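Chemist: Please see the structure below; I have some questions.
The values are calculated or read from the model by the stated rules, or taken from the named source; none is laboratory data. Keep in mind that this is a model prediction, so the values were computed, not measured. Positions of Cβ are generated from backbone atoms using ideal geometry, with glycine treated the same way; all protein chains shown enter the neighbour counts.
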Amino acid sequence: MGLLKGTATFVKFTLEGDLPENPLEYISERILAFSFQDIDDTFDEYSIGWVSLVNMFDSSFAYASYSAGDYIVLTLRIDERKVSSAILKKIVQKEEQRVMAERQLPKLSRSMKVEIKERVRVELVRKAIPVPSTFDVCWNLSESSLLFFSTNKKIHAVLEDFFKECFGVFLRQQIPYTVAKHLLTEEQQLRLADLTPHVFTWVR
């Protein structure tokens with residue numbers, strides 16, 4: 001579920017790295033530079049970029065709609081043309097049979113099979129309608145933290161790479177240890193560094 005839904009699941013990240021002196025101006029430029037580009041009328045297989053939190057078709061961000069006080073709120077949109085593996089297998093086998101009959105071959109070489117499969121895949125991908133996925137982001141500038149409204153680990157990796165390319169800063173997922181470092185005093189942090197894993201046993 002996303003940021004504007006009644007209930008939501010999210011993962012929290014800490015930002016590592018420094019932004020330029022005018023962060024809002026820089027962020028604005030980078031958001032527009034990495035805004036989502038539609039691929040409905042192209043043969044591209046994949047597109048990723050920022051769109052408005054309230055409208056997945058708005059990538060122009062009129063009046064800096066992503067800015068809300070100390071927060072930057074965005075949606076990461078990913079469109080991908082996908083082909084079912086079952087459909088691909090069916091069409092490939094059909095094309096192999098056609099080629100064998102046309103050329104009067106008892107069997108196809110490995111290279112011919114590879115060529116047929118890739119050609120069929122490209123043709124099917126071009127005919128496929130891009131499937132959109134959206135993931136909400138809430139970036140707290142004052143705390144240098146970010147909420148990402150997905151628990152999918154593969155999407156986390158996509159976000160981390162895209163965020164680094166877009167803004168030049170790293171995202172590190174928060175775990176209890178890293179959270180504790182922000183909450184504890186300097187003296188307590190030294191004690192935290194000396195902690196070691198321990199297996200607890202249940203005694204009746």
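Chemist: Just give me the residues in the range 13-23 being touching a residue at least 60 places away in the same chain (Cβ under 8 Å) and surrounded by fewer than 16 Cβ atoms within 10 Å (Cβ to Cβ), in sequence order.
Modeler: Residues satisfying the conditions are 16, 17, 18, 23.
Chemist: I'm checking my understanding of the structure. Among residues of the range 167-183 that are touching a strand residue (DSSP E or B) at 6+ places or on another chain (Cβ under 9 Å) and part of a loop (DSSP other than H, G, I, E, B), which one is modelled with the highest pLDDT?
Modeler: That would be 169.
Chemist: Somewhere in the range 16-31, is a residue among the β-branched types (Val, Ile, Thr), under 17 Å from residue 135 (Cβ atoms) and assigned to a strand (DSSP E or B)?
Modeler: Checked against the condition, which is being among the β-branched types (Val, Ile, Thr), under 17 Å from residue 135 (Cβ atoms) and assigned to a strand (DSSP E or B), the range 16-31 yields no hits at all.
Chemist: In the range 45-67, what residues are over 21 Å from residue 161 (Cα atoms) and either touching a Leu at 6+ places or on another chain (Cβ under 9 Å) or modelled with pLDDT of 95 or more (or both)?
Modeler: If the condition is that a residue be over 21 Å from residue 161 (Cα atoms) and either touching a Leu at 6+ places or on another chain (Cβ under 9 Å) or modelled with pLDDT of 95 or more (or both), then 54, 60, 61, 64, 65, 67 are the ones that fit.
Chemist: Pull up the range 98-120, narrow it to residues that are under 39 Å from the mean Cα position of the chain (by Cα) and hydrophobic (A, V, I, L, M, F, W, C), then point me to the one that is surrounded by the fewest Cβ atoms within 10 Å (Cβ to Cβ).
Modeler: Filtering the range 98-120 for residues that are under 39 Å from the mean Cα position of the chain (by Cα) and hydrophobic (A, V, I, L, M, F, W, C), the one surrounded by the fewest Cβ atoms within 10 Å (Cβ to Cβ) comes out as 114.
Chemist: Further, regarding this structure: Go through 95, 123 for me and flag whichever is surrounded by 15 or more Cβ atoms within 10 Å (Cβ to Cβ) and farther than 30 Å from residue 169 by Cβ.
Modeler: 95
Chemist: Still on this structure, I have one more. If we scan the range 38-47, do we find a residue that is among the charged types (D, E, K, R), closer than 30 Å to residue 9 by Cα and surrounded by 13 or more Cβ atoms within 10 Å (Cβ to Cβ)?
Modeler: Within the range 38-47, one or more residues are among the charged types (D, E, K, R), closer than 30 Å to residue 9 by Cα and surrounded by 13 or more Cβ atoms within 10 Å (Cβ to Cβ).
Chemist: Checking the condition farther than 30 Å from residue 40 by Cβ and in contact (Cβ under 8 Å) with a residue 40 or more places away in the chain, which residue from 162, 135, 149, 170 passes?
Modeler: Testing whether each residue is farther than 30 Å from residue 40 by Cβ and in contact (Cβ under 8 Å) with a residue 40 or more places away in the chain leaves just 170.
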